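Below is one structure, written out as structure tokens; the observations come after it.
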Amino acid sequence: MILVTGGTGYIGSHACVALTQAGFEVLVLDNLSNSTAGVIDRIARICGRRPAFIEGDIRNESLLAQVLGGYRVDAIMHFAGLKAVGESVEQPLQYYDNNVVGTHSLLKAMREKRVRAMVFSSSATVYSPTEPMPLSECAARRASNPYGRTKLVLEDMIEDVYAADPDTSFARLRYFNPVGAHESGLIGENPKGFPNNLMPYVCQVAAGVREKLSVFGGDYPTVDGTGVRDFIHVMDLVEGHVVALRHCLASRGLLTVNLGTGQGTSVLQLVHAFESANGCVVPHELVGRRDGDVAESWADTRLAREVLGWRTKRGIEEMCRDSWRWQLNSTQEHCT
Ligand code: NAD
Ligand code: WQD
């Protein structure tokens with residue numbers, strides 16, 4: 001059985017689908033701080049099989065002991081955490097507590113209950129903003145906000161835990177920009193309030209929930225002056241997790257791998273792709289740069305191909321279509 005922390009969240013819910021469809025039994029642990037229990041029903045509808053679900057917090061050590069003692073957990077996919085960059089600047093202690101203390105509890109419980117493998121959600125945000133493109137896994141790391149620093153600390157914590165017990169197996173997966181949704185339109189990203197990320201904002205503008213998109217910065221040294229990112233379809237991303245999990249279950253070691261497409265797309269290119277994929281209009285205007293943004297970011301994907309034999313299959317058009325289908329199905333939730 002695979003314990004999926006944060007399994008009712010955006011990426012975790014898609015991972016539950018990919019894991020179930022790959023034949024794994026899934027147990028979700030989530031405190032529902034940024035998701036709802038109804039997601040479990042939706043996963044069950046997609047897969048025809050219901051993951052086990054426990055509502056609880058990864059910082060609750062007695063609960064973790066109970067869960068890992070009560071189920072035969074072979075590995076953990078660890079998604080639980082807070083992820084809003086701006087909020088992390090305002091509430092740094094909440095981020096260190098939730099992400100660092102939470103993962104510390106999980107690693108401790110893993111060791112005590114002899115669970116030997118973990119796949120961990122890291123982020124391309126750990127790369128220093130001055131590194132050249134494409135970003136390879138050996139590029140220098142430097143985070144520029146508390147959220148990113150929690151990921152740096154956790155990458156290091158995992159490395160130390162692995163070094164102390166090389167009979168374990170860890171994958172630290174550095175995601176680029178996950179977008180899109182399951183093709184059923186039943187699960188997707190459900191930002192509470194004002195979306196921080198580009199794709200949910202584009203969707204809400206297209207749906208008329210927001211008036212127009214502010215494109216942050218038109219003067220970057222990029223193809224059209226707007227920021228360039230490596231957008232990756234969430235289903236490709238979670239399929240990468242399943243491959244990384246199999247790798248961890250089959251061998252011992254510490255793996256650090258980028259999950260991206262290796263292709264950069266500018267903000268305006270994404271907006272235009274969205275309009276043409278979905279036949280709708282996304283009113284937008286160029287405004288000043290957003291603090292802390294880098295001009296461009298995309299992945300060197302060689303290691304993922306060589307070590308995991310994994311590459312993405314879905315393009316920008318599919319990312320835009322699937323995001324829009326999810327938006328149409330969930331507009332009511334978004335408006336509240
Ligand atoms: P999300 O907020 O949709 O999902 C996180 C889930 O974890 C939520 O369901 C939330 O309720 C749960 N959770 C939070 N703290 C918890 C705790 N202490 N105990 C139990 N459950 C808790 O976020 P997501 O986009 O699915 O991100 C998943 C992971 O991937 C996070 O660790 C995030 O930092 C990382 N990541 C996300 C992105 C991205 O752009 N979405 C990029 C890189 C890395
Ligand atoms: C993408 C591009 C914006 C919104 C963030 C986190 C990172 C990672 C992924 C977790 C940029 C532009 C955005 C808008 C815009 N998360 N934009 N108007 O900043 O690459 O990465 O999410 O680990 O840590 O920082 O993603 O979607 O916010 O922005 O013009 O309303 O879209 O300036 O160029 P980002 P994003």
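Before moving on, here are some points about what is shown:
- Virtual paramagnetic centre 7 Å along Cα→Cβ of ASP219, amide N under 19 Å, in the stretch 261-304: 267-268, 285-296
- Once the chain from SER128 to GLN91 is taken as fully extended at 0.36 nm per residue, the excess over their C-alpha distance is 11.1 nm.
- At least 20 Å along the helix axis (C-alpha) and Kyte average at least 0.5, DSSP helices within the chain: 234-250
- Area of LEU93 that stays accessible when all protein chains are in place (1.4 Å probe, Å², to 10): 140 Å²
- Each principal axis of the Cα cloud of the chain was evaluated for its coordinate range; sorted largest first, these ranges are 54, 42, 39 Å.
- Among the trypsin sites (Lys or Arg not before Pro) in the stretch 1-102, those placed in a DSSP loop whose Cβ has at most 15 other Cβ atoms within 10 Å are ARG49, ARG72.
- Value at 222 nm in deg cm²/dmol, rounded to 500, when DSSP H runs of n ≥ 4 in the chain each add -39,500 (n - 2.57): -12000 deg cm²/dmol
- Computed from label points 7 Å out along Cα-Cβ, the spacing between SER251 and ASN329 is 3.7 nm.
- Percent RCO, i.e. relative contact order, over the stretch 2-335, from Cα pairs under 8 Å lying at least 6 residues apart: 19 percent
- In nm, spacing of pseudo-spin labels at CYS138 and ASP291 (7 Å Cα→C-beta vector): 3.6 nm
- Sulfur and carbon atoms: percent of accessible area, the chain [1.4 Å]: 48 percent
- Applying a threshold of 28 Å to the alpha-carbon distances of LYS108/LYS151; LYS83/LYS108; LYS151/LYS192 flags no pair as lying beyond it.
- Taking GluC sites (Glu not before Pro) across the stretch 100-173, none is in a DSSP loop with at most 12 further Cβ atoms lying within 10 angstrom of its Cβ.
- Probe 1.4 Å, accessible area per residue of the stretch 2-335, Å²: 43 Å²
The values are calculated or read from the model by the stated rules, or taken from the named source; none is laboratory data. From a predicted model like this one, the values you see are computed outputs, not experimental measurements. Don't worry about glycine lacking a Cβ; one is built from the backbone with ideal geometry, like all the others, and counts go over all protein chains shown. Accessible surface is based on the protein model in full, side chains and every heavy atom, while ligands, DNA and RNA are left aside. Shrake-Rupley method; radii C 1.70, N 1.55, O 1.52, S 1.80 Å.
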